[in-house]
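Here the structure comes first, spelled out in structure tokens, and everything after it is commentary.
Every read-out reported here was derived from the displayed coordinates using simple, explicitly stated rules and does not represent laboratory data. Model, not experiment: these values are computed from the prediction. With ideal geometry, Cβ positions are generated from the backbone for all residues, glycine too; neighbour counts draw on all protein chains shown.
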Amino acid sequence: MKLNERGLLVVLSGPSGVGKGTVRRALFQMPHHDLVYSVSMTTRPPRPGEVDGVDYYFVDKETFLRRIQEGKFLEWAEFVGNYYGTPKDKVEEQLDNGKEVVLEIEVEGALQVRKQMKDAVFIFLVPPGKKALYERLKNRGTDAPEVIDKRMKKAESEFLLAHKYDYIVVNDEVNNAADRIMAIIRAEHAKTERTIHNYIKMLGEK
Ligand code: 5GP
């Protein structure tokens, strides 16, 4: 008997600069998992070191808007002047293959996913403090001061929606945060409502 045939959709959000990318990379380095990352599409220009098709699919605004019209996104949002979206087909395909698909997206998009994917798990990553967030954005050195200010303002409005998530994880230390997320994923898998139908099926087996 095969349990949990369809994979779990894991939605990770949190204010810009909280370290979602770093925590996600630490999570993917942990042993014994079936996680895959959903690469988003964006109109934001690549930062130094970012690779097309790995970090994002970098496209122009016209291409992005056409994809919206064609219904190609599971969700999309505008964030600080750029568009970001999750390609739908890929996510469905990976879930059907039993993979745990990780989306690293902002709050507005996450709430769109919430409406469509009832059994996804929603995790909100928070910094140990507001100052830590500002320092991280500044030290990243990739955004202009006015963009940092916009991202800080956006962070405040994002915090107000944290209660819509299933879990809140503090990124006090990257590996601790990744451990907590992995613990959540494992616990979600064992949830009665996810597995009970398999055992009912098992009862009917000869
Ligand atoms: P950044 O420009 O820092 O890479 O991303 C800005 C914000 O957009 C982050 O909060 C990031 O998680 C979010 N983001 C990245 N990809 C997507 C996506 O496909 N959809 C949505 N809604 N947000 C995304």
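Remarks
- Placing +1 on the Cβ of every Lys and Arg and -1 on the Cβ of every Asp and Glu, with nothing else charged, gives the chain a dipole about its Cα centre of roughly 260 debye.
- Antiparallel DSSP beta bridges within the chain, as percent of all bridges there, nearest 5: 30
- Using the Cβ-Cβ distance between residue 150 and residue 202 with R0 = 45 Å, the FRET efficiency computed as 1/(1 + (r/R0)^6) comes to roughly 0.25.
- For 13, 40, 157, order by how many other beta-carbon atoms lie within 10 Å, fewest first: 157, 40, 13
- Among 104-110, 79-85, the order from most to least packed when residues are scored by Cβ within 10 Å on average: 104-110, 79-85
- Once both labels are positioned 7 Å from their Cα atoms along Cα-to-Cβ, the gap between residue 187 and residue 96 label points is 3.3 nm.
- FRET E, pair residue 25, residue 164, Förster distance 25 Å, beta-carbon r, rounded to 0.05: 0.45
- The stretch between residue 5 and residue 33 holds 8.6 nm of extra length on full extension. This uses 0.36 nm per residue minus the Cα-Cα distance.
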